[in-house]
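Coordinate-derived values only; no laboratory data. On a predicted model such as this, the values are computed, not experimentally measured, just so you know. Positions of Cβ are backbone-derived with ideal geometry, glycine not excepted, and every protein chain shown enters the neighbour counts.
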Amino acid sequence: MTAMSDGPLRALEPDEAKAHLRAEIRRERLQRSERRRHEAAAALRDHVLALPAIQEARCVSVYASRPHEPGTGPLIEALHRRGVRVLIPLLGDGLQRGWGVYRGIEDLVERAPGRPPEPSGDFLGSATLAEADVIVVPALAVDTTGTRLGQGGGWYDRALIEARPSAPVIALTFANEVRDGSGTPLPRERHDLGVDMVITPEGAHRLPA
């Protein structure tokens, strides 16, 4: 990843370092063509579906991707066709954290500019995440110690408190967004929750527990 040198980043507070990294990664993501994004989404789908945990799952939580994020549309639809119950993040009144059940691609609606697509069905409370056998989360970057760089709102750090300890948490990124945790670790704060695996279009990488 062509990121800021670690010297300047290490001189910053974690929240400031994260802001610099987020801005840089978002700029890089804008450079990918629509064709490359579609190819990446198909590859991510295939790698996720190959996981034994996914093949055994009856309920999976997956984020609905926005443009320029690692795409999840093909994955969500493939799981749905298998009969898997797919939980997608859904904001309730006052930005409450909750979930909706995916019922088909035509059901996903962008309710406000910049927000991810959301299902139109019933709002299910935050505790519903405990029903997921596998949880697929967005990430701007992940390092090899399992540290995840999110979008900055802390939504998933709070939501994952409801997850079952046995449910693996899988982050999707592009290959150049995976960093060496021993040499160039991502900034991490006490509230940041790690992930068990990162999947890129090139393959899956299990991370230390």
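Computed quantities for the displayed model
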read-out	value
Highest average packing first - 102-112, 43-53, 167-177, 134-144, Cβ atoms within 10 Å	134-144, 167-177, 43-53, 102-112
Computed label-point distance, nm, for sites Arg27 and Arg206 using a 7 Å Cα→Cβ extension	3.8 nm
Residue (of Gly71, Ala130, Leu140) at the positive-pole extreme of the chain, dipole from beta-carbon charges	Gly71
Percent of beta bridges antiparallel (DSSP, the range 89-209, rounded to nearest 5)	55 percent
Efficiency of FRET between Ile105 and Ile161 - r from beta-carbon atoms, R0 41 angstrom, step 0.05	0.85
Gap separating the Cα centres of the range 130-209 and the range 14-64, nearest whole Å	11 Å
Cβ-Cβ FRET estimate between Ala175 and Ala19, R0 fixed at 22 Å, reported to 0.05	0.45
The range 142-209: relative contact order in percent, alpha carbon pairs under 8 Å with at least 6 residues between	47 percent
Normalised convex hull volume, the range 77-209, alpha-carbon set, Å³ per residue	128 Å³
Antiparallel %, DSSP beta bridges [both residues in the chain], to 5	50 percent
